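The values are calculated or read from the model by the stated rules, or taken from the named source; none is laboratory data. The model shown is predicted, which means the values in this text are computed figures rather than measured ones. Cβ: placed from backbone, ideal geometry, glycine included. Neighbour counts: every protein chain shown. Side chains included, ligands, DNA and RNA excluded: accessible areas come from the protein's heavy atoms. Shrake-Rupley method; radii C 1.70, N 1.55, O 1.52, S 1.80 Å.
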Amino acid sequence: MAEPSKVIHVRNVGHEISENDLLQLFQPFGVITKLVMLRAKNQALLQMQDIPSAVNALQFYANVQPSIRGRNVYVQFSSHQELTTMDQNQAREDEPNRILLVTVHHMLYPITADVLHQVFSPHGFVEKIVTFQKSAGFQALIQYQSRQSAVTARSTLQGRNIYDGCCQLDIQFSNLDELQVNYNNDRSRDFTNPNLPTEQKGRSSQPGYGDAGGMHSGARAGGFSQMANAAAIAAAFGGGLPPGITGTNERCTVLVANLNPDRIDEDKMFNLFSIYGNIVRIKLLRNKPDHALIQMGDGFQAELAVHFLKGAMLFGKRLEVNYSKHANITQGADTHEYANSNLNRFNRNAAKNYRYCCSPTKMIHLSTLPQDITEEEIVSLLEEHGTIVNSKVFEMNGKKQALVQFETEEQATEALVCKHASPLSGSVVRISFSQLQNI
């Protein structure tokens, strides 16, 4: 696999495919800062705001064939780490556009959509602003009503500081046609539509980037409101659903059979099933020690678990995963409660977590690690569970993460089940399956 890059190379882009079609394919994974159509070659180059967004997109499309208007398109990392003016010239003469991509260097003070509006509005009517934080720093997309305003703003403000001695502006033309703004708040604003909701604080503004619009009102145990769930699912899967998932199941409780009773317990079941949704409660059946009932947050999450875990190997047994005839599990002395557990993954970043759903793989992804973690410590944490073929510690947005590849899916599953949520030097390790084929 090519070195990860925030630039994605798309092939087999027919003449009937528009810029907007491509934007819709990748928008659920993050903000798209540049798009170049190489019409003569039936190709396109598309730059995401950062590498994690591009990695998420390619991980997702490694399992789901992307197609536009019935035509399969093929996606891979570009050999370019950044789209330069020269690449764009192949498509159009770096021509002025009414949307500016602004990077703020030396940002000592917080910059909001309002601050940017004050800086850019003297040069013309600003219609929309979207801001986002990335590893290279703080960036914003600013859409003017007219192209001339954008040209004036760029020539006047390029290289200037917003505040004395800091917050320097670096301005390029974006080649997007239209910004999508869902909320009016500190991070994004549509000045042509003051009636947009503000959404909850701490959520991101582009669809599928971060959270599902933060619509957590009406949350119920272990799940959240149907509307938020629908939004998260749509954002995660680009409006469609993974192959084999109907989205119509309403049964929340799953029956798991053929467990290894000597090795399994409720927390280990939680660690595996919480990849596919929030867990309300779990009950190991005392009269059938190789059976367990698991109540998920809702029917869609239960369907993901049944679909992706059917036939998975764990502790030497092939799991049988089906819907239970019980609508829910009655709370009792022999049930374990997880409805309020802060280890449930889908209370935050639901869209992102849905996107990571897959059957067990040989590769696991570890996050929320101590900053000074070494590869040796990761290996010694996990090596009791199987043969480690490869491992890598890296930094993403200033936080340490790791990928570990086992010889078999079963070994990776065992490592996840036994070590997810375990303490390590003051951190609580978070583990999920990775869809990357190799490190």
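Could you go through region 331-347 and let me know if any residue there is among the polar types (S, T, N, Q), under 30 Å from TYR61 (Cβ atoms), modelled with pLDDT under 90 and under 20 Å from the mean Cα position of the chain (by Cα).
Among the residues of region 331-347, at least one is among the polar types (S, T, N, Q), under 30 Å from TYR61 (Cβ atoms), modelled with pLDDT under 90 and under 20 Å from the mean Cα position of the chain (by Cα), which makes the answer yes.
Which of the residues that make up region 304-349 are closer than 26 Å to GLY30 by Cα and out of contact with any His (no Cβ under 9 Å at 6 or more places or on another chain)?
Residues satisfying the conditions are LEU304, ALA305, PHE308, ASN342, ASN344, ARG345, PHE346, ARG348, ASN349.
Among what's in region 26-59 and is more than 14 Å from the chain's Cα centre (by Cα) and over 18 Å from GLN81 (Cα atoms), pick the residue that is surrounded by the fewest Cβ atoms within 10 Å (Cβ to Cβ).
Of everything passing the filter in region 26-59, ALA40 is surrounded by the fewest Cβ atoms within 10 Å (Cβ to Cβ).
Quick one: VAL379 ticks every box in (1) assigned by the TED database to the domain that holds PRO289; (2) farther than 22 Å from ASN260 by Cα bar one, so which box is it?
Condition (1) is where VAL379 drops out.
Which helices (runs of 4 or more DSSP H) sit wholly inside region 342-439 and have at least 1 residues that are hydroxyl-bearing (Ser, Thr, Tyr) and open to solvent by 40 Å² or more (accessible area, probe 1.4 Å)?
Correct list: 375-382.
I'd like the full set of residues that are in contact with a Leu (Cβ under 8 Å, 6 or more places away or on another chain) and part of a helix (DSSP H, G or I), limited to region 1-48.
Correct list: GLU19, LEU22, LEU23, PHE26.
Answer yes if at least one residue in region 318-328 is over 17 Å from MET269 (Cα atoms), modelled with pLDDT under 90 and exposed (fewer than 13 other Cβ atoms within 10 Å of the Cβ), and no otherwise.
There is at least one residue in region 318-328 that is over 17 Å from MET269 (Cα atoms), modelled with pLDDT under 90 and exposed (fewer than 13 other Cβ atoms within 10 Å of the Cβ).
Any residue at all in region 107-114 that's in the same structural domain as GLN172 (by the TED database), modelled with pLDDT of 80 or more, surrounded by fewer than 18 Cβ atoms within 10 Å (Cβ to Cβ) and assigned to a helix (DSSP H, G or I)?
Yes.
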